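The structure under discussion appears below in the form of structure tokens.
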Amino acid sequence: MTVVDRQEWDVVVVGAGGAGLRAAIEARERGARTAVICKSLFGKAHTVMAEGGIAAAMANVNTGDNWKVHFRDTLRGGKFLNQWRMAELHAQEAPQRVWELETWGALFDRTKDGRISQRNFGGHEYPRLAHVGDRTGLELIRTLQQKIVALQQEDFRETGDHESRLKVLQECTVTRVLKDGRHVCGVFGYERESGRFFVLRAPAVVLATGGIGKSFKVTSNSWEYTGDGHALALLAGAPLLNMEFVQFHPTGMVWPPSVKGILVTESVRGDGGVLRNSEGERFMFDYVPDVFKEKYAESEEEGDRWYDDPDHNRRPPELLPRDEVARAINAEVKAGRGSPHGGVFLDVSTRMPAEVIKRRLPSMYHQFKELADVDITAEAMEVGPTCHYVMGGIAVDSDTAATRGVPGLFAAGEVAGGMHGSNRLGGNSLSDLLVFGRRAGLHAAEHAAGQGRERPRVDDAQVDAAAAEALRPFSAESGAGEEGDGGPPENPYTLHQELQQTMNDLVGIIRREPEMEQALRKLAELRARARRAGVEGHRQFNPGWHLALDLRNMLLVSECVARAALERTESRGGHTREDHSAMERAWRNVNLLCAMADPTGGAVATAPERGQIVLTRETTEPIRPDLLALFEKEELVKYLTEEELYE
Ligand code: FAD
């Protein structure tokens, strides 16, 4: 049997971003002994990169705002495919979560009369994003981290041990969720520095591992985004929902090549920045879709007036939801009206005084100065779409964050699906993390408490299998030939590059059937080769080994994206089909679920050419009538199916 360290906890949270930390705080406050695991250092999760702000209808800047308006905007942004109960809870609870952060020490920017300031963002009817300059995620994580340390100090005073009730295991990667029958019983993982294996036994596990962007070549996402939680859930038997919806943020850096994909926050447009093509035109006026026509300005003059007088003017089309802006930029570049490096121009320099730009957008100012030698107070930025966020994710119960069919397994944050429908509005992720992170922690703690003494047991055979799987890259040569996929050892970095290129080129922002078929064939080939991904050296901090293990996850998740994208023969939100360019009402109430083809979760046992994923359709739960009543009938006609309208 492999040597593994073992610990016992009530709740294990995988991930220390906004969702994971908020879940851990809640679980600990509900009395559960809680461990948090993260791949990077504590305080360095992807959430620190969040820039623009947290969306919450606090009505600090415009008193017209309330949760119902926020709910409406969220459903419009998601093109009515959102899990409506999640959108409702999110809109209702987000303000409390922001005020709570403030009581825990978060220092938000203020309005002149001293309230938390809120800024405009795409798709939000009113200024709604609470922010700290353009470094909001950093402040959010700093605050949650501080709260965790405060709880640990409280525990020390009572028990003499800081980690008696809340422990953070940093630079550790979970590779398997362990089960006792149907029930979760813990997790298996390795310490990145030493390579040692560990098992944390627990009756409740919360997955809060973030997104999947590292499967794409051009992305704003951090190195952590290898789709681990999505794959862990799949392998444990929990399905993923609507994985075809991947958000391509309209404005990533396009130059120089080394920084391609790095995000240019939407706050630039929220604060007045405009998009122009190579002919100097503000082209977004040509791209307002019918469903949004009444809500957006028809002329530059009206759009500009809106910044000072939003009650009597309509917003500029630069503030359309992200999917619309990304497609428009793509179309302009394709039509030959792009900037020198294949993007378009985003200009604040002619819109605001230099000192205002430096104060409101400090990170952007430094980012362009240091990385591209561009002074955004004097010249326009060059920007283009970048893979940014995955709306699809683990299917969860809206109220409890429980996954389907695996008791004890919960999910929150970007790894969970449903909340954002087919397209997320900016700012709605940070609030999602807090609202559903809290809910996941609460219900995980309750689940653990409900287990009594008869907790699920860890099966040593599963631990041994997980250890053998993790060690396979060290014996890639001897593994060659297993199950008919023999061949020489493969370099994990080469495989990763080929995967990223495949997803970027064939399942990217604009999709076509033959290309997605081609992508699935390529993914099958990569999967067979990835079984021979080999590494040299030993288990002490070995990034090649880590990547070899991450490949399993990226390939699984990429297959889900490609399979679901091929199945959905319409265009909606973050899924654009050139061969099915219209949004079809008949698809409005259809969810696509991906599960492992092999119900034992043994991905490796399935024949490569058949793929590992089975895809099923399900009809969404009808939207509650009182929530539908928040919309005008004329608007609903554009989205709902005939039967839904009739009812
Ligand atoms: P993360 O913060 O990514 O945390 C994931 C955690 O899981 C990490 O601790 C990681 O180490 C850990 N982990 C992953 N896999 C494993 C594993 N196998 N084992 C152990 N640990 C693991 N949203 C907004 O609402 N407003 C914004 O202004 C905004 N700006 C953004 C700017 C940028 C540049 C980017 C890229 C995104 C932005 N977003 C924004 C989106 C938002 O930041 C993310 O969706 C959100 O932070 C995700 O949080 P999370 O808690 O789900 O995951």
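The values are calculated or read from the model by the stated rules, or taken from the named source; none is laboratory data. What you see is a predicted model; the values in this text were computed from it and never measured. All Cβ positions, glycine included, derive from the backbone under ideal geometry; neighbour counts span all protein chains shown. Ligands, DNA and RNA are excluded from the accessible area calculation, which covers all protein heavy atoms including side chains. Shrake-Rupley method; radii C 1.70, N 1.55, O 1.52, S 1.80 Å.
Exposed loop sites here mean trypsin sites (Lys or Arg not before Pro) with a DSSP loop assignment and at most 11 other beta-carbon atoms within 10 Å; the chain contains its longest site-free run at 113-452. Going by alpha carbons, how many degrees (0 to 90, nearest 10) lie between the helix axis of 543-567 and the longest principal axis of the chain? Taking the Cα atoms of the chain, the angle to 543-567 is about 60 degrees.
Once you order the gyration tensor axes a ≥ b ≥ c over the Cα atoms, which shape class does the stretch 507-647 get: rounded for a/c under 1.5, otherwise prolate or oblate by comparing a/b with b/c? In terms of gyration-tensor shape, prolate. Backbone amide hydrogens, once placed in the peptide plane, bring residue 416 within less than 5 Å of 394, excluding anything fewer than 5 places away on its chain. Using only the Cα atoms of the stretch 246-390, build the gyration tensor, take square roots of its eigenvalues as a ≥ b ≥ c, and label the shape rounded, prolate or oblate: rounded if a/c is under 1.5, else prolate if a/b is larger than b/c, else oblate. It comes out oblate by the Cα gyration axes.
Among the protein heavy atoms of the stretch 266-336, carbon and sulfur supply 42% of the accessible surface, probe 1.4 Å, non-protein parts ignored. One way to sum up the overall shape of the chain is the equivalent ellipsoid from its Cα gyration tensor, whose semi-axes run 38, 28, 25 Å, largest first. Treating the angle as unsigned and between 0 and 90°, give the value, to the nearest 10°, between the Cα long axis of helix 492-506 and the longest Cα principal axis of the chain. Taking Cα atoms only, the helix is inclined about 40 degrees. Taking max minus min of the alpha-carbon positions on each principal axis, the stretch 373-518 gives extents of 65, 48, 36 Å, largest first.
So what's the gap between the Cα centers of the stretch 184-223 and the stretch 575-597, to the nearest angstrom? Going from one Cα centre to the other spans 29 Å. In whole Hz, what ³J(HN,Hα) sequence does the stretch 29-46 give by Karplus (6.51, -1.76, 1.60; θ = phi - 60°), x for Gly and Pro? These are the phi-based 3J(HN,Hα) values: 5, 8, x, 8, 6, 10, 10, 10, 10, 9, 6, 9, 6, 4, x, 10, 4, 3 Hz. Using the Karplus relation 6.51 cos²θ - 1.76 cosθ + 1.60 with θ = phi - 60°, the per-residue 3J(HN,Hα) values for the stretch 204-220 come to 9, 10, 10, 8, 9, 9, x, x, 10, x, 6, 7, 10, 6, 9, 8, 8 Hz, with x marking Gly and Pro. The charge dipole of the stretch 438-586, taken about its Cα centre with unit charges on the Cβ atoms of Lys, Arg (+1), Asp and Glu (-1) only, comes to about 600 debye. Less than 5 angstrom separates the built amide H of residue 178 from those of 185, 186, 187, 188, all sequence-distant by 5 or more or on a different chain.
A straight Cα-to-Cα reach below 29 Å connects residue 44 with the lysines 147, 167, 214, 217, 260, 358, 369, residues fewer than 8 places away in its own chain not being considered.
Taking 4.7 Å between C-beta atoms as the pairing limit, the chain has these partnerless cysteines: 38, 172, 185, 387. Across the stretch 176-192, the residues whose backbone nitrogen lies under 16 Å from the label position 7 Å along the beta-carbon direction of residue 5 are 187-192. Taking all protein chains into account, the per residue accessible area for the chain stands at 37 Å² (1.4 Å probe).
Rounded to the nearest 10 degrees, the angle from helix 322-334 to the longest Cα principal axis of the chain is 80 degrees. Each of 596, 562, 64 was placed along the dipole of the chain (beta-carbon charges, centred on the mean Cα), and the one lying farthest toward the positive end is 596.
For the chain, a simple Cβ point-charge model (Lys and Arg +1, Asp and Glu -1, everything else neutral) yields a dipole of about 1060 debye relative to the Cα centre.
Every Cα-Cα pair in the stretch 513-579 was counted, and those over 19 Å apart are 46% of them. Over the stretch 1-111, the hull volume per residue, using the convex hull of the C-alpha atoms, is 170 Å³. Around the amide H of residue 572, modelled in the peptide plane, lie the amide H atoms of 577, all under 5 Å away and 5 or more residues distant in sequence or on another chain.
The largest-to-smallest principal axis extents of the Cα set in the stretch 78-193 are 49, 42, 28 Å. Residue-wise HN-Hα couplings along the stretch 59-72, as the Karplus relation 6.51 cos²θ - 1.76 cosθ + 1.60 with θ = phi - 60° gives them from phi, are 6, 6, 9, 9, 5, x, 7, 7, 4, 5, 5, 5, 4, 4 Hz; Gly and Pro carry x.
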